[in-house]
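A quick write-up on the structure given underneath.
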Amino acid sequence: MANRAHTKSHRGRRLVPGPDPRVDTLLGMVMALTSEVSMLRERLDAHESLAASGKVPDQDAVDHYQPTEADESRRKQYRDRLIDKVCRPLVASGQQDG
Amino acid sequence: MATDSQNLKTAYRPTHDEAARQAFVGALKGYVNGSMESQLAAEYDNQLKFDFMEKHGQEPRDRYQGTEAFRHSHLYQLWGSAVYTSQNLMWETVGDTCDRLEPAFEARQAMLAKRPTLGSLELQDDFVPPDPIRHVEIHRQPGGYFGPAGSTDLHRGMHYFGTVELYRNAKGLGDGSVAVGEPSMGRYLLGALQRRFDAIKPRAVLDLGCGPGSQTLAYKEAFPDAEVWGVDLSAPFLRFGHLWAEDQGVAIHFRQANASDTGLPDAKFDLIISHILFHETWDDILPAIMEEAHRLLAPGGIFINGDTPYQPDRLSIPKQVTNHWQVINNGEPFWTRFADTDVKEALIAAGFEASNVFADYDPLGTGEYFIFGGRKGT
Ligand SMILES: C[S@@+](CC[C@H](N)C(=O)[O-])C[C@H]1O[C@@H](n2cnc3c(N)ncnc32)[C@H](O)[C@@H]1O
């Protein structure tokens, strides 16, 4: 049986760093959401690659799709762009202030 | 789903979506450690340093004064929040893969238990990891390294094992392309050994603080005729390591003990290696670990260690500040004390001759790694 140690979460174990613990909570939500967007984008990429090679992109084919090197480098670009975009306000708000 | 006959290296494969989430969290951590930290450094150079000078009449001289200079920076606070939340996301993301695979690992464990073993696993039922380490969740790994006594859990070992490459690469301390479970750092340390010494043919090799044994395998790979041992405090890690090694048909002897008091015989080993043990153990015990290594080495035997290259004299003030933040908030409580230690002095105090000790930096990935140790006199 999986004991799901990781769901016995980190909360409360350490001092929450940052200007306000609520920022951590919200940022945690934003990061989790962005992670799902990134995953979905990669799923879509797998669909497109399968379709391009004439295969049926059903669930099983996508689940077992092994990205090629070319896929990986394209996906890395999506990812970096996504992170850059989501984090831009964070960096910008830091810079306004000081 | 893996079956009980499938080997674990094949079974340990994230699904498409798990791999995508892991890649995301790796990239996010890379952004936070890379791009965001560069922005912090720029803010320091352009503004914070001068603000501090105006107030105190001098530049910040150490991590404490540096932290004071950063205290009110929004970017610094948001960076902290981003490190914190990305760390949580990392554990959760890899945890999902471990949850899914744990039954397959357990099935494989049950199957292998019916066969004679190649190596061995010695755990002590009543072993209590010493203070202060047992109270710490290193890297904020949920539940820490140890778990309750008597548990048979594999999850902690899997969780560490699945995460460590991701973590290493996001810090620029890996080569970025290593598959989970490849003993890349073990091989790297053998390279560091080769750069310093003529080829050796050890009869016995010890990995101190071997954790889940993923790097230990490299030593058996390099020295197939040697008896290879791994010692660690963590029963769950050793349990995982034993399973992982047996599954690959590699004979390793795992033993639960403190590296400062292994219970192994004098002069048994020709080679003792550790990888990232020292920055994760409390510095009070460091002299005793070095004495133990000296005791365990045969004449002419070599002690070599690889660890994080974060000695303060090598780091800018912003980097010292972000490291110090990790020490306090991200489960690295022993890190700076280790970085402040003069390891050569400690090796000499433990019995190594001054002319036979070394402490320097080898290239690794885009950065460097701290390599230190000594050769026992003949
Ligand atoms: C970062 S892990 C490294 C594990 C392994 N060497 C690797 O490279 O993956 C540090 C390990 O050191 C172990 N450790 C810390 N202090 C120790 C001590 N005093 N004696 C034995 N093991 C110790 C921990 O339990 C943990 O498994």
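Observations
- Computed extension length for B:N46-B:R134: 27.5 nm, one decimal, from 0.36 nm per residue of separation with the Cα-Cα distance subtracted.
- Over chain B, DSSP H runs of length four or greater, each weighted -39,500 (n - 2.57), average out per residue to a 222 nm ellipticity of -13500 deg cm²/dmol.
- Here the protein assembly as shown exposes an accessible surface that is 52 percent carbon and sulfur, computed with a 1.4 Å probe and the other protein chains kept in place.
- Per residue, the solvent-accessible area of segment B:1-128 (1.4 Å probe, heavy atoms of protein chains only, all protein chains present) comes to 46 Å².
- Oblate is the label for the protein assembly as shown, because the ratio a/c of its alpha-carbon gyration tensor axes (a ≥ b ≥ c) is 1.5 or higher and a/b is not greater than b/c.
- Overall, the anisotropy analysis places chain B in the oblate class: the square-rooted eigenvalues a ≥ b ≥ c of its C-alpha gyration tensor yield a/c not less than 1.5, with a/b not exceeding b/c.
- Fraction of beta bridges assigned by DSSP in the protein assembly as shown that are antiparallel (%, nearest 5): 40 percent
- Within segment B:250-285, backbone nitrogen closer than 18 Å to the virtual label 7 Å beyond the Cα of B:D126 toward Cβ: B:256-258, B:263
- Shape of segment B:308-352, Cα gyration tensor, a/c cut at 1.5: oblate
- Solvent-accessible area lost on pairing B with A (1.4 Å probe, both sides summed) amounts to about 4000 Å².
- Enclosing the Cα atoms of segment B:21-143 in their convex hull gives a volume equal to 178 cubic angstrom per residue.
- Reduction of at least 20 Å² in accessible surface, 1.4 Å probe, comparing all protein chains with the chain by itself, residues of segment B:18-38: B:A20, B:R21, B:A23, B:F24, B:A27, B:L28, B:Y31, B:M36
- Between the beta carbons of B:N7 and A:D60, assuming R0 = 22 Å, the FRET efficiency works out to 0.45 to the nearest 0.05.
- Neighbours of B:T15 by Cβ distance under 13 Å: Lys/Arg scored +1, Asp/Glu scored -1, total -3.
- Per-pair calculated FRET efficiency, R0 = 22 Å: B:I328 and B:H72 via Cβ, rounded to 0.05: 0.80
- Values of log10 I(q)/I(0), in the order q = 0.10, 0.12 Å⁻¹, for segment B:175-375 under a Debye, Cα-only, solvent-free model: -0.40, -0.58
The values are calculated or read from the model by the stated rules, or taken from the named source; none is laboratory data. None of these values were measured; they are calculated from a predicted model. So basically every Cβ, Gly included, is an ideal-geometry build from the backbone, and we count neighbours across all protein chains shown. Remember, those area values only see protein heavy atoms, side chains included, never the ligands or the DNA or RNA. Shrake-Rupley method; radii C 1.70, N 1.55, O 1.52, S 1.80 Å.
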